[in-house]
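Trainee: Sharing a structure here in structure tokens format.
Taken together, the values in this text are just the output of simple stated rules run on the coordinates, not laboratory data. Given the structure is predicted, the values throughout are model-derived calculations rather than measurements.
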Amino acid sequence: MSDVVLRIIDLMSSDTQESAKSLSDFNLNIDTSKFSIFDAGKGEYIANLGYISAKEKWDDIEKVISVKTVLSAVKDELNKYI
């Protein structure tokens, strides 16, 4: 029975993650397949993997941030005249 409950939670989580990805400007995927839900003590290590991955992708991330900043500035200027 617990396997069924865990599978349902997994499916619901996957659906939520996919929905969140579609709303984001940039997705950073970190391979956490070697960790289980019970590896809570390894949170700092996993966060560090994310940091390293973000540093590797920083040029791409910065481009998204730059475009968003420019678009926001244009929107602010246009709103002055509306």
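Trainee: Convert each backbone phi in region 17-31 into a coupling constant with the Karplus relation 6.51 cos²θ - 1.76 cosθ + 1.60 (shift: θ = phi - 60°), then list the ³J(HN,Hα) values in order as whole Hz, x for Gly and Pro.
Mentor: Taking θ as phi minus 60°, the curve returns 5, 5, 5, 5, 4, 5, 8, 8, 8, 8, 10, 10, 9, 10, 6 Hz for region 17-31.
Trainee: Let me understand the chain better: what is its radius of gyration from the alpha carbons, and its Dmax, in angstrom?
Mentor: Both quantities, over Cα of the chain: 18.7, 62 Å.
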